[in-house]
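Engineer: Just dropping this structure here.
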């Protein structure tokens, strides 16, 4: 499955992966080595904790490698007529006006105005034009959104 992310987010993920492989792996390996020096491994809580840290670290590394491998770079949308990944939109609902950027799920952060193309609202907006109204099912019921601007 493709992962839609910006060029900046991809670089951030690559840097995080490098840090985990080059710094964190060494730290966890040292923690395991120190725990081994404490004696009997069957009753060694420090060793068990260090091994668990190692498993979590390796899982995170594998997830980052997968995301980077499947990454599709999204540029700012050139089409200002249709909502797509990379679009910034201004919408009106319940008397409020909000501005959102449509991003891939890896970058979604609603508190920063970034909604995923896979979220209920993001998915419903995809492919619509300025002036279109859509209804989205939310926990509070159906909410009507009107697209005021696409940039």
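Engineer: Looking at the stretch 108-124, can you tell me whether even one residue there is within 18 Å of residue 5 (Cβ to Cβ), within 18 Å of the chain's Cα centre (by Cα) and modelled with pLDDT under 90?
Structural biologist: The first filter runs over the stretch 108-124 and keeps only residues within 18 Å of residue 5 (Cβ to Cβ), leaving 108-110, 112-119, 122-123.
Right, trim to within 18 Å of the chain's Cα centre (by Cα) and you get 108-110, 112-119, 122-123.
From what's left, modelled with pLDDT under 90: none.
Within the stretch 108-124 (the criterion being within 18 Å of residue 5 (Cβ to Cβ), within 18 Å of the chain's Cα centre (by Cα) and modelled with pLDDT under 90), the answer is no, since none of the residues qualifies.
Rundown of residues vs (1) surrounded by 13 or more Cβ atoms within 10 Å (Cβ to Cβ); (2) modelled with pLDDT of 95 or more, yes/no style:
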position	(1), (2)
15	no, yes
19	no, yes
22	no, yes
46	yes, no
59	no, yes
67	yes, no
72	no, no
81	no, no
86	yes, no
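Engineer: Okay, next question. If you take just the strands (runs of 3 or more DSSP E) that sit entirely in the stretch 59-151, which of them hold at least 2 residues that are in contact with a helix residue (DSSP H, G or I) (Cβ under 6 Å, 6 or more places away or on another chain)? It would help to see each step written out before you state the result.
Structural biologist: Working: elements: 71-73, 88-93, 96-103, 114-116, 133-138, 141-150.
It comes to 71-73, 114-116, 133-138.
Engineer: Sticking with this structure for a sec: Any chance you could count how many residues in the stretch 1-55 are part of a loop (DSSP other than H, G, I, E, B) and under 22 Å from the mean Cα position of the chain (by Cα)? Can you show your working first?
Structural biologist: Taking the stretch 1-55 and keeping what is part of a loop (DSSP other than H, G, I, E, B), we get 1-2, 6, 37-40, 44.
If we keep only those that are under 22 Å from the mean Cα position of the chain (by Cα) as well, we get 1-2, 6.
Counting residues in the stretch 1-55 that are part of a loop (DSSP other than H, G, I, E, B) and under 22 Å from the mean Cα position of the chain (by Cα) gives 3.
Engineer: Right, another one. Got a sec? Which of 82, 68, 5 is in contact with a strand residue (DSSP E or B) (Cβ under 9 Å, 6 or more places away or on another chain), free of Cβ contacts under 8 Å to residues at least 60 places away in the same chain and within 30 Å of residue 150 (Cα to Cα)? Let's see the steps before the verdict.
Structural biologist: Details: 82 fails: free of Cβ contacts under 8 Å to residues at least 60 places away in the same chain; 5 fails: free of Cβ contacts under 8 Å to residues at least 60 places away in the same chain.
Only one candidate passes the filter, namely 68.
Engineer: Moving to a separate point now. The conditions are (1) surrounded by 13 or more Cβ atoms within 10 Å (Cβ to Cβ); (2) in contact with a strand residue (DSSP E or B) (Cβ under 9 Å, 6 or more places away or on another chain); (3) touching a residue at least 12 places away in the same chain (Cβ under 8 Å), and residue 97 fails exactly one of them. Which is it?
Structural biologist: (1)
The values are calculated or read from the model by the stated rules, or taken from the named source; none is laboratory data. Keep in mind that what you see is a predicted model, and the values were worked out from it rather than measured. With ideal geometry, Cβ positions are generated from the backbone for all residues, glycine too; neighbour counts draw on all protein chains shown.
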